[in-house]
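What follows is calculated from the coordinates using simple rules that are stated; it is not laboratory data. What you see is a predicted model, and the numbers here were worked out from it, not measured in a lab.
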Amino acid sequence: MSTVVDAADDGEGSNPFDGGRIELSDREVRAISPAAWVARLASRIDDAATRFVYGSR
């Protein structure tokens, strides 16, 4: 878990371990989530295939 926290560190000195639960912003989770990377990649491939088949938008 420390690796995730280190990767999501925003440099503001906030500690996600403060309080009763670990909190990360949506932006931080998307930056380190494999599912988010795959979704973005799939979207880019889909956009490229659409442009190839139907021409430029």
Subject >> Per-residue HN-Hα couplings for segment 28-41 [Karplus 6.51, -1.76, 1.60; θ = phi - 60°; Hz; x = Gly/Pro] >> reply: 5, 5, 5, 5, 10, 7, x, 5, 5, 4, 5, 4, 5, 5
Original post:
Once the piece of chain linking Ser43 and Val29 is laid out straight, how much longer is it, given 0.36 nm per residue of separation minus the C-alpha distance between them?
Top reply: 3.2 nm
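Provide the gained length on full extension for the span Tyr54 to Ile22, in nm with one decimal, where the gain is 0.36 nm per separating residue minus the Cα-Cα distance.
Computed gain between Tyr54 and Ile22 is 7.0 nm.
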